[in-house]
Structures are given as C-alpha cells and as structure tokens.
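For reference, the structure discussed in these notes is given below.
The values are calculated or read from the model by the stated rules, or taken from the named source; none is laboratory data. None of these values were measured; they are calculated from a predicted model. Glycine also receives a Cβ, built like all others from the backbone with ideal geometry; neighbour counts cover every protein chain displayed. Heads up: the accessible areas ignore ligands, DNA and RNA and are worked out on the full protein's heavy atoms, side chains in. Shrake-Rupley method; radii C 1.70, N 1.55, O 1.52, S 1.80 Å.
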Amino acid sequence: MNDVLLNNVLLNGIKDMIYVMEVRNGQYIYSFINQAVREFAGFSDDILGKTIQEVVSEEKWLFLLEKYDTVLLQKDSLVFEDYYPSPMGETRYAENTLTPIFNEDQECTHIVAVTKDITKRKIAERKAEKSKEMLIEGKQRYQSLFDYNLDAVLTLDENGYAITGNRSLEVMTGYTSQEVAGKRYNALVVEEDKDKCQKYFRLALDGILEEFRIRIRNKDNQIVELIVKLTPIVVNNEIVGIYVICKDITALINMRNRFNESENMFQIITEHSRDLITVLNHDGEIIYVSPSYKDILGYDEISYVGEKFYYNLHPDDIGQVKKTFELSKNSKEAWVEQFRQRHKTDGWIWSELHGSPIYDNRNQFKYMVVVSRDISLRKDYETELEYFANHDVLTGLPNRRYFIDRFEQELLSTKGKTNLALIILDLDDFKPVNDSYGHEMGDHVIIEFGKRIKEVVRKSDVVARLGGDEFVVLLPDISSKDQVVDIASRIVSNVEKPWNIQGTEIHLTASVGVAYSSQKLESVHSFLRTADGALYEVKNNGGNNYKLISI
C-alpha cells in the first residue's frame, strides 16, 4: 500500500476524530483534521490555520488550553474525557488523547489529538446501573469469564489480597497466578504509585469506580505503564472482593518517541492498535491488515493479504457478512456485524466489526476500512445471563418464567389438539425439616425432590420449580388419562421411598394436583388454577396422594 493510500485510509477511514495542532508562539493552531472530525464535530477545513480561541467557545478553549499547556509542560501524553455538540445538536461524550510531537531539538512542534466517541459507553453505563438489581442473581452465580481477555484481570478479596489472575496478567507481569496468589494487590506497583493504588482501592470498596494510571515492575524488572479500573464483586448486596482490570499502555506511552512530522505518524496508530484493522478493495479482497492480527488471532498478517474478506470466517456467518458488506458499499453507510472467526489455537471466537466505506472524489467506492474486536467475553456473559434468567439457581431446573413461556408455546403449537396435562406438587410438612435440621438440609431436600420427580416423568416432559418446595410438570402429548394417573401415582410412590440426606434418615411424602385436558385446550393460568385446586384437595385430605381434575 503506497503512502498516499495509507494516509487516505488512516486519516479518513478511521472513525476516531484526529486533530493535528501546530504549536507556535504559545498558540495552538489547527493544522489538520480528518474526515471523522468533519462528520461528527461539524468542523470544516475553514478552521485550518486558526487558533483554538478562534474556533471554539470561551469556556471550551479555556478548558482545552489547560490540557494542551499540561502536555507542553510535561512533554508527555495526556488522556481526558469531555463532551462536544454534534452537528445534530445532541451532546456527545469523548475520550481524548493528546500526544506531543518533537523535532530533532526536542522542541514540541505539534500536538496530535485523537478523540474517541464514548457516548454509547456512557449510556450503557447508566443503563447498567438501572439494571443492577435485576442482575444480582446472575452476579452471585457469575464466575470469571476473563481468561481470554486481552486485558489483564486480577481477582482480590475484600482485604486486597490476590486470589487469582488470567493469562493476560501472566503475559503482562511474567508471574503466574500461583505466584501472585496471596500477595497484596499493589506488590508489583512502583513505590511512587502505591498511595494512589490504596486511594482507588478504598473508593472501589465504597462502590465508586474510577480509572487511573500506574506503573508496575514485571518479573524482568521492566516498567510497565497501565490504565487500571477496580470493579467491586457484589454478592447478596455485599462487596466481597474486587476485580482489577489492567490495560497495558506501555506501547502507547512509548509511541510519542516514534512520532514525527512525516506521513508515517498515522501508520504507527494501526501498528499499536489492539483492534483488528483491515482494508478491503472494491471486490472485497484484503489489501491490508494490522500487525495486531498476530497477537489477537495468532496468524501472521501477511497470510490474509489477497484473500477475500470472509477468509477464516465461520461458514454459517459468511452469507450474512457478505450481504451487509454489499449493503454498506452500495448505501455508503457504515456497517456493524457480529460473526465468528478462527483463532489459530482457540478455535472459533466471536468478533464484532465496524466497517466504513471510502469513496474517491468522483463518489466511486474505493475501499472498505473494517475495525473488529474480540467480543467472546461479552457473548459468554450474555449466554450466562440468559441461562440464569430462565433457571432456578438451587436445582438448575427451569423456573416459573421459563415454564410459562414453554407452556404458552405448547398451547399455540397444538392448534386444537387434545390430551395435555399439568401437575403441581409439593412436599407434605416440609417446614419442620427446615426448623429441625436447618435451611442447608432443606436445600438438599429440595434438590432431591426435583431429582425424584425427574426420575418418574418422561424425557419430553418439562419439570420446573415454582418456588419453595413447589414444583410443576408439563406433560405434552398424553395418550390417555390413564397415562397421567400412572405418572402422578409413581411420583407419589417415588417420593415416599426412604430419604437419606447427608447421613440423616427422614420420611417425606408429597401431595400432587393434576389438571388434564382431553377437550378444548385452555389457557396456562386455567391449567394452573385447576391443578392448584386439586393439590389443595389432596392437602386437606392428609396429603401423600394425587387428585386429577379434567378441564
């Protein structure tokens, strides 16, 4: 790829907004803006050659002036967040990175500002806060899914001692999880940054989340620059530990020494990107991939050049990706797609791409710039949440929500067919078990009760826990009332067999209520009401039996 093409792709294909500010006589003058600035900030080339004061409001330029002066004084990169109005008049949030560029005399001649739109992240954080109570049960069951995260993750107890870490932590520090376990979380932090670590650890224990920057020494005694975020681990509304999520920014910090005033300054951005950057030609052939392919997928980037853009994609995802590529190319709109691609050692991993079509001055499509990243962790987390939203935590059986949905689907699918039954059952005198032996014993009884029900019913039947010791069974495709009676009778007999719970012999029985339809199919709630009524008739007659009522 020649320099002109690379310059065009990197300056106008990357979605982040890029400004190059000339430093002259204490003033900061717009020297360059890329296409993203024109689209998202609403600026045009008219601002080139003007100072910050001439372009933005007084409040804004005073804020920016302080940031630029800090970079000039410290001769170091600076990261900060702010907001800006979009051309549509809405407020957008951004993360800004200012990087000084030095000439041969070590004088700062330019400052490169890279502005990443983080509005979606900000909105997502607010939504996540509102959903906290709904996710508490999932959090209690949630275990670390960060093993393959590119960021290092360290798990701490509430006193700040390390429990375990992921593979990225080992790569970053050189220490294994076993070597880290039991040590204070700031053991590797340089002395000057230990107080900062302690401060943010206390904030995290109070539920206040902040990102901060520190330095550590790895096993080879080398300094590693990190951006760190501490996230509390909450169980039963109590903070029981902390997740420490670390992003290695050493390469980005060192990058400032490699910048110069030539066109290759923007190439360095892609070389250090932790995302996969791909450039496709008109026919969808790959003409450039970033070096991050080697780190993230395990393949040399050169092996992709010349291949079609769906190279190494999962066969089931190729059709959809092809379709959305063509739509984006023809509509001139950016595209987003989720797909699976092959990792050299880890098999198929989920990724999400953001594609941007590039057109020439005659409005003809030339290239597609695609930025993709690994979202396997997010996919695993969504799957985990979906499971716990539909299953009982104690028994692992479907819960009330899942059962109602499944029953309604069954009613719709039968379309007038008959012979459907529902069983509601609970244990007789379960409360004395909890009172005499404790709730832990009670939990074991509930689990065993669910197993005994499953032993009797058919594989096609659905057993769910409604709550407490109350369970429900859906019996689809029943051949006759006698078959329902047989199943109900065998459940009663199976429960009546001797119980041995953790070495303790107890005697338990069950009451069973059955609603059976051999005529017109009713609603879910009519089945539940009928079965519940039958259950209480059995209860009132001493339990340890079943009662069937036809609808």
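Here are several values of semi-axes √(5λ) of the Cα gyration tensor in Å: [x] 39, 28, 23; [y] 38, 34, 22; [z] 59, 30, 21. Which one was derived from the coordinates shown?
So the calculated entry is the one marked [z].
Probe radius 1.4 Å, ligands and nucleic acids left out: which of Asp428, Asp151, Asp380 has the largest accessible area, and how do the rest follow?
I get Asp380, Asp151, Asp428, largest accessible area first.
Between region 472-551 and region 43-64, how far is it from one alpha carbon centroid to the other, in angstrom?
76 Å
Compute the relative contact order of region 354-490 as a whole-number percentage, counting only Cα pairs closer than 8 Å that sit 6 or more residues apart in sequence.
Reported as a whole number, the value is 24 percent.
Going by alpha carbons, how many degrees (0 to 90, nearest 10) lie between the helix axis of 119-130 and the longest principal axis of the chain?
It is inclined by approximately 30 degrees.
Could you tell me which residue out of Trp335, Asn361, Ile375 lies farthest along the dipole of region 335-376 toward its positive end? Charges go on the beta carbon: Lys and Arg +1, Asp and Glu -1, centred on the Cα centre.
The Cα lying farthest towards the positive end belongs to Asn361.
Please figure out what share of the DSSP beta bridges in the chain is antiparallel and state it in percent, rounded to the nearest 5.
Of the beta bridges lying entirely in the chain, close to 95 percent run antiparallel.
Magnitude of the Cβ-charge dipole of the chain, K/R +1 and D/E -1, about the Cα centre, nearest 20 debye?
Rounded to the nearest 20 debye, it is 1200 debye.
What is the local net charge at Pro398, summed over the other residues whose Cβ is closer than 14 Å to its Cβ (Lys, Arg +1; Asp, Glu -1)?
Local charge sum for Pro398: -2.
Put +1 on the Cβ of each Lys and Arg and -1 on the Cβ of each Asp and Glu in region 183-229; which of Ala204, Ala187, Ile227 then has its Cα farthest toward the positive end of the dipole?
Sorting the options by dipole projection puts first Ala187.
Over the chain, what relative contact order in percent results from Cα pairs under 8 Å that are six or more residues apart?
The value is 8 percent.
Sorted by accessible area (1.4 Å probe), largest first, how do Val462, Val393 line up?
Numbers: Val462 10, Val393 50 Å².
Result, largest first: Val393, Val462.
How large is the helix-only mean residue ellipticity at 222 nm for the chain, computed as the sum of -39500 (n - 2.57) over DSSP H runs with n ≥ 4, divided by its residue count, in deg cm²/dmol to the nearest 500? Mind dumping the intermediate values first?
Details: 18 runs with 197 residues, N = 551.
Calculated from helices alone, the mean residue ellipticity at 222 nm is -11000 deg cm²/dmol.
Rolling a 1.4 Å sphere over the protein heavy atoms, what is the accessible area per residue of region 298-455, to the nearest Å²?
Ligands and nucleic acids excluded, the result is 55 Å² per residue.
Hey, what angle do you get for helix 376-390 against the long axis of the chain, alpha-carbon based, 0 to 90 degrees rounded to 10?
Value to nearest ten degrees: 30.
In debye, nearest 20: dipole of region 187-255 around its Cα centre with unit charges on the Cβ of K, R (+) and D, E (-)?
Magnitude of the dipole: close to 80 debye.
What does the charge add up to near Asp195, with Lys and Arg as +1, Asp and Glu as -1, over the other residues with Cβ less than 15 Å from its Cβ?
On the way: positive: Arg184, Lys194, Lys196, Lys199, Arg202, Arg213, Arg215; negative: Glu191, Glu192, Asp193, Glu210.
Here the count lands on +3.
Place a +1 charge on the Cβ of each Lys and Arg in region 410-479 and a -1 charge on the Cβ of each Asp and Glu, then give the dipole magnitude about the Cα centre in debye, rounded to the nearest 20.
I would put it at about 540 debye.
Against the longest alpha carbon principal axis of the chain, how many degrees, from 0 to 90 and to the nearest 10, is the axis of helix 439-456 turned?
The angle comes out near 70 degrees.
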